[in-house]
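The values are calculated or read from the model by the stated rules, or taken from the named source; none is laboratory data. Please read these numbers as outputs of a predicted model, since none were measured by experiment. Note: ideal-geometry Cβ built from the backbone for every residue, glycine included; neighbour counts use all protein chains shown. To get the accessible areas, we keep the full protein, side chains included, count just its heavy atoms, and leave off ligands, DNA and RNA. Shrake-Rupley method; radii C 1.70, N 1.55, O 1.52, S 1.80 Å.
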Amino acid sequence: MPTTVDTLAPLHADMTAWRRDIHAHPELGFQESRTADRVAALLQACGIEVTRGVGRTGVVGTLKLGSSPRRIGLRADMDALPMQEGNTFAHRSTSPGRMHACGHDGHTAMLMGAAVQLARSKAFDGTVHFIFQPAEEGLGGARAMIDDGLFTRFPCDSIFGMHNRPKLAVGHFNVKSGPMMAGGAFFDVRITGRGSHGARPETSVDAALVAAQVAVSLQSIVARNVAPLDSAVLSVTRIHAGDAYNVIPQTAELGGTVRAFSREVMDAVGRHLKRVAEGTAAAFGATAEVDFRVLFAPTVNDPAQAEVAARVCTDLVGADKVDRHPPLIMASEDFSFMLEQVPGCYINIGNGLEEGGCEVHNPAYDFNDQALPLGAAFFVRLVETQLERQQTLTAG
Ligand SMILES: [Zn+2]
Ligand SMILES: [Zn+2]
């Protein structure tokens, strides 16, 4: 019998308890030692082989059954945010200034539940890697795991992850083929001119004037260098120059962010940004140094893997509860770096319209425990689908 949401019902109370325990003990990126302890202990108790310290605080559980060479990776993130929780319920944060406000407690609990279920049911043939990632919230946890040999030590043919989505009803999934979430970069431009007395501009190269020109010129990039049907954002969000009313500043700094839905557009904007900043500065006799850092790659789902994920969701909840064409999301997600290495799909799971409808990163947010069996069932059914047991031929 293939797994349904009901199959996970006996684990619902356990998953809720794990989720609330993690919620009450939030840990920031690369500090998830207690959470990693809990995850590792549970996996080990189920007979799953555990590797600790992958990308510092990351945990990988490996469950191999049968003889098939097929391998799948399932990923959850474990970190909390540096913010004060506003909730007063019993499982509220016990750590001042730290809160699970993005639902990573729920993501971790769902993958723990899936691991327990798969270790019990053994209804697959192949290898499952359960990837518990640290530091998703802007600290580069996915990169750290990849740089630590994640996919050479634990090779995967495909990889899947999920994020809860407030304002999407519990029991609903969003599954999108192709680009899904934006990539994000930060940039800094440091301009050097020649300082002088404010009344003697002829002896200066005014870094403040150059910064203003650069800020204006950068706006030509999205307008003139990005194809109209590609989306990108370039925002100059900080400009700093000078301290005194009568001193023309020698240096100026400006910085900002770029968002785009493909690696090509992101990299192209970075190249144009360097050219425009350096060229504009040179036109005024100044120099510009540009630092362009891609913090998050665009999240791009492989069409074939998205099809598999959508089929699994449809089997679980019905086609009317699976949106195949949700709007693009301008926020970023560092699972994108894993998707650049291995084809896969990132999906959204409904966190609810009412109490679960509060947006992530809000002090009143909480993961909706009603979603736990749905997410766990997705992972289990996905493994049963991707690593399906071959029918053994019996003689006669
Ligand atoms: Zn977040
Ligand atoms: Zn998140």
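A few comments on the model shown:
- Evaluating ALA80 against the criteria (1) within 16 Å of ligand 2 (Cβ to nearest atom); (2) of a type outside the set (Ser, Thr, Tyr); (3) closer than 30 Å to LEU387 by Cα leaves one unmet condition, (3).
- When LEU81 is tested against (1) among the aliphatic types (A, V, I, L, M); (2) open to solvent by less than 60 Å² (accessible area, probe 1.4 Å); (3) more than 28 Å from ASP148 (Cβ to Cβ), exactly one condition is not met: (3).
- Test for ASN174: is it of a type in the set (S, T, N, Q), over 21 Å from GLU340 (Cα atoms), within 18 Å of the chain's Cα centre (by Cα) and at pLDDT 95 or above: no
- The range 139-185, subset aromatic (Phe, Trp, Tyr) and in contact with a Phe, Trp or Tyr (Cβ under 8 Å, 6 or more places away or on another chain), residue farthest from ASN351 (Cα to Cα): PHE160
- Within the range 79-92, residues that are among the basic types (Lys, Arg) reach partners that are not in a loop (DSSP other than H, G, I, E, B) with beta carbons closer than 9 Å, at six or more positions or on different chains, in the pairs ARG92/HIS23; ARG92/ALA24; ARG92/MET99.
- Matching residues, the range 214-241, being of a type in the set (A, V, I, L, M, F, W, C) and closer than 13 Å to ALA260 by Cα: ILE221, VAL222, VAL226, ALA227, LEU229, ALA232, VAL233, LEU234
- Condition broken by LEU63, with the remaining ones in (1) away from ligand 1 (no atom under 16 Å from the Cβ); (2) not in a strand (DSSP E or B) satisfied: (2)
- Entry remark, the range 281-308: residues being of a type in the set (Gly, Ala, Ser) and open to solvent by less than 50 Å² (accessible area, probe 1.4 Å) number 5 in total.
- Of residues in the range 187-225 being among the β-branched types (Val, Ile, Thr) and touching a Leu at 6+ places or on another chain (Cβ under 8 Å), the one farthest from GLU289 (Cα to Cα): VAL222
- Summed over the range 354-377, residues that are open to solvent by less than 50 Å² (accessible area, probe 1.4 Å), out of contact with any strand residue (DSSP E or B) (no Cβ under 7 Å at 6 or more places or on another chain) and part of a helix (DSSP H, G or I) total 5.
- Within the range 320-346, being part of a helix (DSSP H, G or I) and farther than 18 Å from ALA310 by Cα holds for PHE335, SER336, PHE337, MET338, GLU340, GLN341.
- Positions within the range 91-109 being out of contact with any Lys or Arg (no Cβ under 8 Å at 6 or more places or on another chain) and either farther than 19 Å from GLN133 by Cβ or part of a helix (DSSP H, G or I) (or both), in sequence order: ARG92, SER93, THR94, SER95, PRO96, GLY97, HIS104, HIS107
- Within the range 100-159, considering residues that are hydroxyl-bearing (Ser, Thr, Tyr) and either within 12 Å of ASP79 (Cβ to Cβ) or open to solvent by less than 10 Å² (accessible area, probe 1.4 Å) (or both), the one nearest to ligand 1 (Cβ to nearest atom): THR108
- Hey, GLU278 under 30 Å from HIS197 (Cβ atoms), open to solvent by 20 Å² or more (accessible area, probe 1.4 Å) and among the acidic types (Asp, Glu) or not: yes
- Selection over the range 146-166 of residues that are within 16 Å of ligand 2 (Cβ to nearest atom) and more than 17 Å from ARG70 (Cα to Cα) gives a count of 6.
- If you go through the range 313-328 and keep only what is open to solvent by less than 30 Å² (accessible area, probe 1.4 Å) and either within 14 Å of ligand 1 (Cβ to nearest atom) or in contact with a strand residue (DSSP E or B) (Cβ under 6 Å, 6 or more places away or on another chain) (or both), you end up with CYS313, VAL322, PRO326.
- Number of the exception - ASP334 against (1) farther than 30 Å from LYS122 by Cα; (2) open to solvent by 10 Å² or more (accessible area, probe 1.4 Å); (3) of a type outside the set (Lys, Arg); (4) in contact with a helix residue (DSSP H, G or I) (Cβ under 6 Å, 6 or more places away or on another chain): (2)
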